[in-house]
1. Using the heavy atoms of the protein chains and a 1.4 angstrom probe, tell me the accessible area per residue for the chain in square angstrom.
2. Quick one: what do you get for the chain if you divide its Cα Rg by 2.2 N^0.38 Å?
3. Rounded to the nearest percent, how much of the accessible area of the chain (1.4 Å probe, protein heavy atoms only) is carbon and sulfur?
4. Can you give the accessible area of D144 in Å² (nearest 10), computed on protein heavy atoms with a 1.4 Å probe?
5. Can you give the % of DSSP beta bridges in the chain that are antiparallel, to the nearest 5?
6. In the stretch 1-78, which chymotrypsin sites (Phe, Trp or Tyr not before Pro) fall in coil by DSSP and have 12 or fewer other Cβ atoms within 10 Å?
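The values are calculated or read from the model by the stated rules, or taken from the named source; none is laboratory data. Here the structure is a predicted model, which means the values were calculated and not measured. Here Cβ is always computed from backbone atoms with ideal geometry, including for glycine, and neighbour counts include all displayed protein chains. The protein model used for the area step is the full one, side chains on, heavy atoms only, and it has no ligands, DNA or RNA in it. Shrake-Rupley method; radii C 1.70, N 1.55, O 1.52, S 1.80 Å.
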Amino acid sequence: MKHGLSSSKILLIGIGNEFREDDGLGLYICRHDKIGRLQNLVIKENSGDGMTMMDAWKDEGTVVLIDAVRSGRAAGTIFHFDLLKDPLPPDLFNISTHNIGIPDCIILSEKLGLLPEKLIFYGVEGKNFGHGKKLSPVVKTAADILIDQIFADCESGNFRGLKV
């Protein structure tokens with residue numbers, strides 16, 4: 001982990017595929033007007049390429065990841081983790097369309113000394129991962145709640161979790 005390299009900017013990485021329905025969650029949130037109004041953000045979109053994600057976060061202070069998950073929980077369930085402190089539930093990423101998933105990126109980054117100072121995850125349990133560009137209604141509702149929370153957390157710098 002690199003210390004002393006952080007700036008006041010927060011790197012927000014939206015992960016997903018906009019053509020796979022709920023898998024587009026991370027991109028939907030990154031592209032939302034409210035998120036775009038935050039002055040302290042650098043926003044990057046990622047299709048699930050773990051190596052690109054690791055390269056983006058390697059010299060950062062605070063990094064926020066947003067992704068849809070498939071764990072078998074109720075669609076629309078919202079997740080929040082401090083990935084450097086909280087153990088991820090082993091079933092959170094049961095099925096992933098990404099070539100190297102978030103858990104593997106964390107392990108590899110730790111071994112290579114490439115972790116950011118703070119790594120926060122926000123996710124929503126998806127319902128539909130078929131072909132299409134729209135989020136399912138339950139996931140869109142959760143995404144809109146998450147947008148408000150991410151906005152507040154990024155504005156304050158206090159990633160305390162959800163007040164749902």
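1. 49
2. The value comes to 0.95.
3. In the chain, the share of accessible area belonging to carbon and sulfur is 51 percent.
4. The accessible area of D144 comes to roughly 50 Å².
5. Close to 20 percent.
6. Hits after loop and neighbour filter: F19.
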